[in-house]
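Trainee: Pasting a structure below so you can have a look.
The values are calculated or read from the model by the stated rules, or taken from the named source; none is laboratory data. Note that the coordinates shown come from a computational prediction; the quantities given were computed from them, not determined experimentally. In this analysis, Cβ positions are derived from the backbone assuming ideal geometry, glycine residues included, and neighbour counts consider all displayed protein chains. Only protein heavy atoms, including side chains, enter the accessible area calculation; ligands, DNA and RNA are left aside. Shrake-Rupley method; radii C 1.70, N 1.55, O 1.52, S 1.80 Å.
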Amino acid sequence: MAGKWKWGFALIAGIWAAFLGIGIGKGWNYAQSQAAEQTEEIWTAEEESSGKEEERKKKGSWTIAVFGVDSRDGQLDRGTRSDMEMVCSVNLDTGRIRLVSIYRDTYARIGENNQYDKINQAYFLGGPKRAVQVLEENLDLEIDDYIAFDWKTVAEAINILGGVDVDISQEEFQVINGFITETVESTGIGSVHLAEPGFNHLDGVQAVAYGRLRKMDTDFARTKRQRLVAQLIFEKAKKADYKTLAAAAAKVLSQVSTSLGVQDGLNLVAGAEDFFLDQMEGFPFILEDKIVGKKDCVIPVTLEENVIRLHQFLYDKEDYQPSDEVKEISREIMLRTRTGSE
């Protein structure tokens, strides 16, 4: 049974290293001591990953796509939209983690038949496999693995870690209680409304609601809030004890879809103490809002220029040159958004 607990911690490390920036290597020994108590197989990933590991070592980095889906029934495949998309780059030599939030309204090519739409539509049409393919084609990325989860997973993890402290603005306070109610109804996890703006200690549901706020400002502000929660959880988890991390692992594993294999996670855990969350950004870096058809979209200005900056940010590639495919997509986006057609 020890292998199951090892994989449990490997997977949680992967989830949080990507989405929340957590290094949980210190939970490893406790997990092993509790292994005999775990009797149910709760992971979904493939176990053969040695080839992928060798490829990562050659690149010196690990790139993970992270999807938070707006699911009311635990559905993590096609038919639900990705409410949050992040790309995480882990430098395997230094432990540096960089996160990029992809604005969900970003206009992109989402299908082989020259179909263009908001980028989160790709997940709806084809689940994580298609969403990863779209990220790779539009952003010139080689994504090694993906992790997908719903907001219940995040709320439960934050509750186990003891919540986070956030300064709630007056504008955020005006709408957050409605989102708290909605999140309680969709996750089945209890919570309460906030009494006032200012510094509040947020439980898991409240923190998720905070990360999903969108009615009073923009999607750009929303992804910034998500990155703030990620940073706060990073700091909280670094201080968590073994028992707390073990409880988190057992709680959320069954609610995750991922391509991570057992060895992937073991290698991640082996150096988890050395991971640190370096920088976080939003993509596109240069953009404009525009109505395309009848949809309010985020337009990269241009996609080609934004992809150059993305690779500079994620991988320190100062002289990066986009592929011909990205250049083609970039030109097509310009043509389609100039005319307002889809």
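Trainee: Looking at region 68-79, I want the residues that are under 9 Å from Asp150 (Cβ atoms) and have a partner that is in a loop (DSSP other than H, G, I, E, B) and modelled with pLDDT under 75 with Cβ atoms under 8 Å, at least 6 apart or on another chain. Which pairs are those?
Mentor: Every condition considered, the pairs that remain are Val69/Gln75; Val69/Arg81; Asp70/Arg81.
Trainee: Take the residues in region 71-105 that are modelled with pLDDT of 85 or more and among the basic types (Lys, Arg); name whichever of them is farthest from the chain's Cα centre (by Cα).
Mentor: The selected residue is Arg96.
Trainee: Let me ask another. Just to be sure, is Tyr123 in contact with a helix residue (DSSP H, G or I) (Cβ under 8 Å, 6 or more places away or on another chain) and not in a helix (DSSP H, G or I)?
Mentor: Details: in contact with a helix residue (DSSP H, G or I) (Cβ under 8 Å, 6 or more places away or on another chain): yes; not in a helix (DSSP H, G or I): no.
The answer is no for Tyr123.
Trainee: Right, next: Identify all residues within region 93-132 that are hydrophobic (A, V, I, L, M, F, W, C), over 19 Å from Leu335 (Cβ atoms) and either in contact with a Lys or Arg (Cβ under 6 Å, 6 or more places away or on another chain) or open to solvent by less than 30 Å² (accessible area, probe 1.4 Å) (or both); write none if there are none. Even if it seems obvious, please write down each step before you answer.
Mentor: Step one: of region 93-132, the residues hydrophobic (A, V, I, L, M, F, W, C) are 97, 99-100, 102, 108, 110, 119, 122, 124-125, 131-132.
Now restrict to residues that are over 19 Å from Leu335 (Cβ atoms): 97, 99-100, 102, 122, 124-125, 131-132.
Listed by number, the residues that qualify are Ile97, Leu99, Val100, Ile102, Ala122, Phe124, Ala131, Val132.
Trainee: Quick one: how many residues across region 268-289 are open to solvent by 60 Å² or more (accessible area, probe 1.4 Å) and at pLDDT below 75?
Mentor: Of the residues in region 268-289, 3 are open to solvent by 60 Å² or more (accessible area, probe 1.4 Å) and at pLDDT below 75.
Trainee: Out of all the residues in region 179-192, which are open to solvent by 70 Å² or more (accessible area, probe 1.4 Å) and outside any loop (DSSP other than H, G, I, E, B)?
Mentor: Residue satisfying the conditions is Glu185 alone.
Trainee: What pairs come up if the first residue lies in region 152-178 and is surrounded by fewer than 15 Cβ atoms within 10 Å (Cβ to Cβ), the second is assigned to a helix (DSSP H, G or I), and their beta carbons are under 9 Å apart, counting only those six or more places apart or on different chains?
Mentor: Short answer, once both residue conditions are applied: Gly162/Lys236; Gly162/Thr244; Asp165/Leu232; Gly178/Ala209.
Trainee: Which is of a type in the set (A, V, I, L, M, F, W, C), free of Cβ contacts under 8 Å to residues at least 40 places away in the same chain and surrounded by 21 or more Cβ atoms within 10 Å (Cβ to Cβ), of Ala209, Ala195, Ala221?
Mentor: Working: Ala195 fails: surrounded by 21 or more Cβ atoms within 10 Å (Cβ to Cβ); Ala221 fails: surrounded by 21 or more Cβ atoms within 10 Å (Cβ to Cβ).
Ala209 is the lone residue from the list that is of a type in the set (A, V, I, L, M, F, W, C), free of Cβ contacts under 8 Å to residues at least 40 places away in the same chain and surrounded by 21 or more Cβ atoms within 10 Å (Cβ to Cβ).
Trainee: Tell me whether region 210-222 contains one or more residues that are modelled with pLDDT of 80 or more, in contact with a strand residue (DSSP E or B) (Cβ under 6 Å, 6 or more places away or on another chain) and small (Gly, Ala, Ser).
Mentor: no
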